[in-house]
Amino acid sequence: MEELRIEKLIAGGFSLARTADGKVALLDAGYPGEVVEASKKKGRSDFHTMKVERVLVPSNSRRERLCRNFPVCGGCDWQTLDYSEQLFWKREVISEQFKRVGKIELEDFEIVPSPRETNYRLKMEYVCHGGKDGLSLGLYRRNSNSPVSCQGCVLGLKDFEKARSGFEEILRKTAIVPYNRVTGRGELKHVILRGNGREIMAILVTKGECLPDENRIVLEVRKKLPYVSTLVHLMNANDRVVMRGVSRTLFGEGVIDQELSGRKFEIPPVAFFQNNLEVTESIVSHIFNEMKDTAGDSLLDLYSGIGTFSITVGKKMGRVTAVESNPVSVKALKANSNLNGMFGIEIVSSDVIEFLKSDQRHYSTIILDPPRSGVGSEIGLLDKFGASMVFYVSCDPTTLARDTAKLRESGYKISSVKAFDMFPQTWHVETVVCLVKKR
Ligand SMILES: C[S@@+](CC[C@H](N)C(=O)[O-])C[C@H]1O[C@@H](n2cnc3c(N)ncnc32)[C@H](O)[C@@H]1O
């Protein structure tokens, strides 16, 4: 056991201190300025990972927890830190990753708070497990694959808690057994809720094709959970990804409606959609503001999902091309563009890198919003499109810093950086980097 003073919060949700032997320690908890007692978990030649056992001197920025499952549940990292401090440290994490990974010194930049600190998540993925009262729907324990209770969770939309416990009650009276990934026995892996504040789409994810007592579940959900407008069965044999596989609609439309920037969207069960609606609105407005007169008339929307940027930002453009590899999202993007009367969007169902290698046209503006892994070394291929503006939207400051450095090598200059707190109570943060090039 060692007494340590915490220096700062860093990417990955860790806090950082220095041990008596001069090594860096990455701790699983604690806030800057705090003195803690920590035990060693793993030691490497260059740093230790440690567990905070006791806080000896708490920070003035520490507050009461918002939910009784913190800190055991892995849904939140910084729930007991004042919100203004969470914002401060998210900015610091971005600056540090740009400096460390991208060798870029960022000038002062703004972080936009989330209008809602709690009940902002439009989607929650609950893990099905055997609890003390029978089948339970929880979340994963921090840094672990073992499920824990999340009763009273404050992250999901307001009506999610009622729906989660309603599903527990209904499913406990059926023959369904929680899936056990060690023994391979059981059926139900997850219950996913997607909402829009008025109604909920619920998705039952099983390992195989079997959904015991299906008819009974449908009857009970319709009777007891009237705000569930559609129920979907997703068959997913893959234990590493939650939202994958073939789905069938048990009742309702099999999609959930959402409105963003005055545009209508239909979200299917296994497609990506940004998790915080108000913050996504702010990102769209920010892109509009930055575009001003420089954006030209053609937009290339890479990693387009169901059309979040093609359909909002794209309405100002004469020509829009959207590139997306998930066939479910591609289908939804086609439906969404028709729904909004944007029949001219060119929708390319392709891996982005394959597209970058083969397409030879010109675009005046590019928006890219890749998954956490970013684009990688082939981001240099963007240059041939001759765009005067590039908006890189990212939920991972580390890969964003790496890819931004590459774009600078091909002559792009950072014109602005703005962070958006898409994920309050966690260390995660969304960043938009706007890059420009004189042509
Ligand atoms: C972070 S989401 C962004 C989606 C969309 N821009 C939005 O704001 O809703 C990333 C998207 O990239 C897609 N994707 C992931 N890897 C891809 C690849 N290699 N090529 C094309 N699309 C990919 C995913 O299916 C997902 O829709």
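Derivation of every value follows stated rules applied to the coordinates shown; laboratory data play no part. Note that the coordinates shown come from a computational prediction; the quantities given were computed from them, not determined experimentally. Backbone-built Cβ (ideal geometry, glycine too); neighbour counts: all protein chains shown.
Worth pointing out:
- For the chain, calculated [θ]222 nm from helices alone, where every DSSP H run of n ≥ 4 adds -39500 (n - 2.57): -6500 deg cm²/dmol
- Bridge type composition, the chain - antiparallel percent by DSSP, nearest 5: 65 percent
- The chain, relative contact order in percent, only Cα pairs under 8 angstrom and at least six apart counted: 12 percent
- Here the Karplus relation 6.51 cos²θ - 1.76 cosθ + 1.60, evaluated at θ = phi - 60°, turns the backbone of the range 244-251 into coupling constants of 8, x, 8, 10, 9, 8, 8, 7 Hz, with x for every Gly and Pro.
- Cβ-isolated cysteines (cut-off 4.7 Å), the chain: CYS67, CYS73, CYS76, CYS128, CYS210, CYS395, CYS434
- Stretchable slack from SER39 to SER84, in nm (0.36 nm times residue separation minus alpha-carbon distance): 13.3 nm
- The range 241-348: chymotrypsin sites (Phe, Trp or Tyr not before Pro) falling in loop per DSSP and having at most 10 other Cβ within 10 Å: PHE343
- Cross-link reach list, lysines versus LYS8, counting only Cα pairs under 23 Å and skipping chain neighbours closer than eight places: LYS23, LYS40, LYS41, LYS42, LYS51, LYS90, LYS99, LYS103, LYS418
- Relative to one another, the C-alpha centroids of the range 1-48 and the range 73-133 are positioned 19 Å apart.
- Amide H contacts of LYS8 (H built 1.01 Å from N, in plane; Pro and chain starts excluded): LEU16 sit under 5 Å, all sequence-distant by 5 or more or on other chains.
- Across the range 27-44, the residues whose backbone nitrogen lies under 16 Å from the label position 7 Å along the beta-carbon direction of LYS8 are 27, 31-34.
- Calculated FRET efficiency, ARG181 to ARG248, Cβ-Cβ distance, R0 = 22 Å: about 0.40 to the nearest 0.05.
- Classified by the C-alpha gyration tensor, the range 169-273 has an oblate form. Its axis ratio a/c, with a ≥ b ≥ c, is 1.5 or above, and a/b does not exceed b/c.
- Measuring between their Cα centroids, the range 155-171 and the range 313-342 lie 32 Å from each other.
- Here's how it looks for ILE366: its modeled amide H is under 5 Å from those of LEU300, MET389, VAL390, PHE391, which are all 5 or more places away or on a different chain.
- Under the Debye formula (equal points on every Cα, no solvent term), log10 I(q)/I(0) of the range 358-403 at q = 0.25 Å⁻¹: -0.95
- In a DSSP loop and with at most 15 other Cβ atoms within 10 Å, the GluC sites (Glu not before Pro) in the range 225-314 are GLU253.
- Extension gain from ASP108 to SER349, taking 0.36 nm per residue of separation minus the Cα-Cα distance: 82.9 nm
- Three-way shape label, the range 1-146, alpha-carbon gyration tensor, a/c 1.5: oblate
- Across the range 9-16, rounded Karplus estimates of 3J(HN,Hα) from the backbone phi angles (6.51 cos²θ - 1.76 cosθ + 1.60, θ = phi - 60°) give 9, 10, 4, x, x, 8, 10, 10 Hz, Gly and Pro being marked x.
- Listed by chain and number, the lysines whose alpha-carbon sits under 26 Å from that of LYS173, ignoring those within fewer than 8 places in the same chain, are LYS123, LYS132, LYS158, LYS162, LYS189, LYS207, LYS223, LYS224.
- Taking amide H atoms as placed 1.01 Å from N in the peptide plane, the amide H of ALA25 lies under 5 Å from those of ALA17, ARG18, THR19, HIS48, each 5 or more residues away in sequence or on another chain.
- P(r), alpha carbons of the range 63-155 - 5 Å bins starting at zero, rounded %: 3, 12, 17, 18, 15, 13, 11, 6, 3, 1, 0
- Shape category assigned to the chain from the gyration tensor of Cα positions, a/c cut at 1.5: oblate
- For the range 342-348, putting each phi into the Karplus relation 6.51 cos²θ - 1.76 cosθ + 1.60 with θ = phi - 60° gives couplings of 9, 6, x, 5, 8, 10, 10 Hz, in residue order, rounded to whole numbers and with x for Gly and Pro.
- Applying the criteria of a DSSP loop state and at most 15 other Cβ atoms within 10 Å to the trypsin sites (Lys or Arg not before Pro) of the range 343-379 yields ARG361, ARG372.
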